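All remarks here apply to the structure that follows.
The values are calculated or read from the model by the stated rules, or taken from the named source; none is laboratory data. This is a predicted model, so every value here is computed, not measured. Here Cβ is always computed from backbone atoms with ideal geometry, including for glycine, and neighbour counts include all displayed protein chains. These area figures cover heavy atoms from the full protein model, side chains too; ligands, DNA and RNA do not enter into them. Shrake-Rupley method; radii C 1.70, N 1.55, O 1.52, S 1.80 Å.
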Amino acid sequence: MAPERARGIRLILCAAALLGIAAPGATPAAPVDPAIVEQQRAMAAARKQARAAERRAVQLERQARAMRRAADRSRAEQAAAASAIQAAEARIAAAQARIFIIDRLRARQRARLAERQGPIVRLTAALQTMARRPAALALVQPGSIDDMIHVRSLLGTALPEIRRRTAGLRAEVDRADALRRQADLAVAALRHEQDQLHIEQRALARLEADQRRQSQGLVDDAMTQQDRMIAMGEKAKDIASLIEQLDEQSDIRMRLASLDGPRLRPALPGRASLPAPSAAAAMLQGVAKPPRYRLPVLGRIVSGMGEVSDSGVRARGITLATARNAQVVAPAAGRVSYAGPFRSYGGIVIIDHEDGWATLVTGLGRLHVRTGAELIEGSPIGTAGGGSPRVTVELRHRGVPVDLLPIVGGG
């Protein structure tokens, strides 16, 4: 037997044996990929966050149209723009998770396709080797007729399996094409959401510029408060002492605001009635309810309250890993009592919510508020930094850290 023909027969026998290894029927299910499962959860969470942010944006826009005071309308418009930015950020996160899932599925599908193609490719090569030899030579070559009969019998048995396998391969190829089309759509959706994010960011920048022009007459008062804030920041040894000073000032301001007006002198001495307890004093005797609260930025919680870091510091709030330059908003309505850089915390914002409640947000790359600014829930206060930003938020009541996750329902 010629070497070429012998090699062809061996290839046919080997490929046919490989085809017979797998039992006929459906292809066994692929094992579950933990990375795909994790990204599916992230995509579902991001889509949920996007829907919630879109609802907030629509509600705030409706409130802004109904407001008569220009200052209130401006705050609502900025909060609506910030919610629209967060919705776009959430949709981008969902698109990125979807692209990861599709790429992972395509890689697995390509490996599976290559594995299933191998035996059929080798069998096709063997048939091509046999076809290159003229059939007339089988009459003059010893043993050729017996070999040909054996090969024909083998092929007659293997052909149904070959047809079934090639049909499966065609289905795999179709699935590969479908995944490629899904990948193209996902990339296009990601680019669209990124363009939409830039549009929303420019809209917020215009609103902030308009507000600065409208409030130009209050610059002197704002500068005075800013100078006081800088002085307090330089005097405070750490962030705890800074918050303590701000809490004291908040209490003083609240007590002054709750004082009654001047009383008329009674007609007869000794007839003066005792003043009623002030609202502030009544509040101090009870437990104030926490304000309506939300997380200030979209992201993944990387450390919770009470966890001890590698440096041995116990966390007083939660830290979120977020996207670069992610929009950060006020978690509740209040007044900015501090806004600026502080020690190693980067840019920080402290918001006084009254009733003894205050929020500290650290890790900001850029600040969009000044000390003394009045905020509503969702008002933009800044953006996260670059690189791998971490934003920490602490909720305190009279200086005591409070676990905020039960208040926001886990975010």
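The set of residues in region 343-354 being among the charged types (D, E, K, R) and surrounded by fewer than 19 Cβ atoms within 10 Å (Cβ to Cβ) consists of ARG343, GLU354.
How about region 62-101: which of its residues are under 13 Å from LEU204 (Cβ atoms) and open to solvent by 70 Å² or more (accessible area, probe 1.4 Å)? Residue satisfying the conditions is GLU77 alone. Picking from residues in region 107-117 that are farther than 19 Å from VAL187 by Cα and not charged (D, E, K, R), the one that is least open to solvent (accessible area, probe 1.4 Å) is GLN109.
The single residue among ARG213, ARG180, ARG191, ARG164 that is charged (D, E, K, R), closer than 18 Å to PHE100 by Cβ, open to solvent by 70 Å² or more (accessible area, probe 1.4 Å) and modelled with pLDDT under 85 turns out to be ARG180. Mind listing just one residue for me: the one in region 358-391 that is of a type in the set (D, E, K, R) and either part of a strand (DSSP E or B) or open to solvent by less than 20 Å² (accessible area, probe 1.4 Å) (or both) and, of those, farthest from GLY334 (Cα to Cα)? Restricting to residues being of a type in the set (D, E, K, R) and either part of a strand (DSSP E or B) or open to solvent by less than 20 Å² (accessible area, probe 1.4 Å) (or both), the top hit is ARG390. Mind checking whether some residue in region 38-52 is small (Gly, Ala, Ser) and modelled with pLDDT under 85? No, region 38-52 contains no residue that is small (Gly, Ala, Ser) and modelled with pLDDT under 85.
The residues on offer are ARG41, ARG104, and the sole one that is assigned to a helix (DSSP H, G or I), farther than 18 Å from THR383 by Cβ, open to solvent by 60 Å² or more (accessible area, probe 1.4 Å) and in contact with a helix residue (DSSP H, G or I) (Cβ under 8 Å, 6 or more places away or on another chain) is ARG104. A Cβ distance below 9 Å, combined with a sequence gap of six or more or placement on separate chains, defines the contacts here; from region 89-105, residues that are within 16 Å of ALA35 (Cβ to Cβ) reach residues that are β-branched (Val, Ile, Thr) in the pairs ILE99/VAL187; PHE100/ILE36; ILE101/ILE36; ARG104/ILE36; LEU105/ILE36. Residues that are modelled with pLDDT under 90 and in a strand (DSSP E or B) were ranked within region 392-411; the one that is most open to solvent (accessible area, probe 1.4 Å) is VAL400.
Against the definition (modelled with pLDDT under 55, of a type in the set (A, V, I, L, M, F, W, C) and not in a helix (DSSP H, G or I)), how does ALA26 come out, yes or no?
In short, yes.
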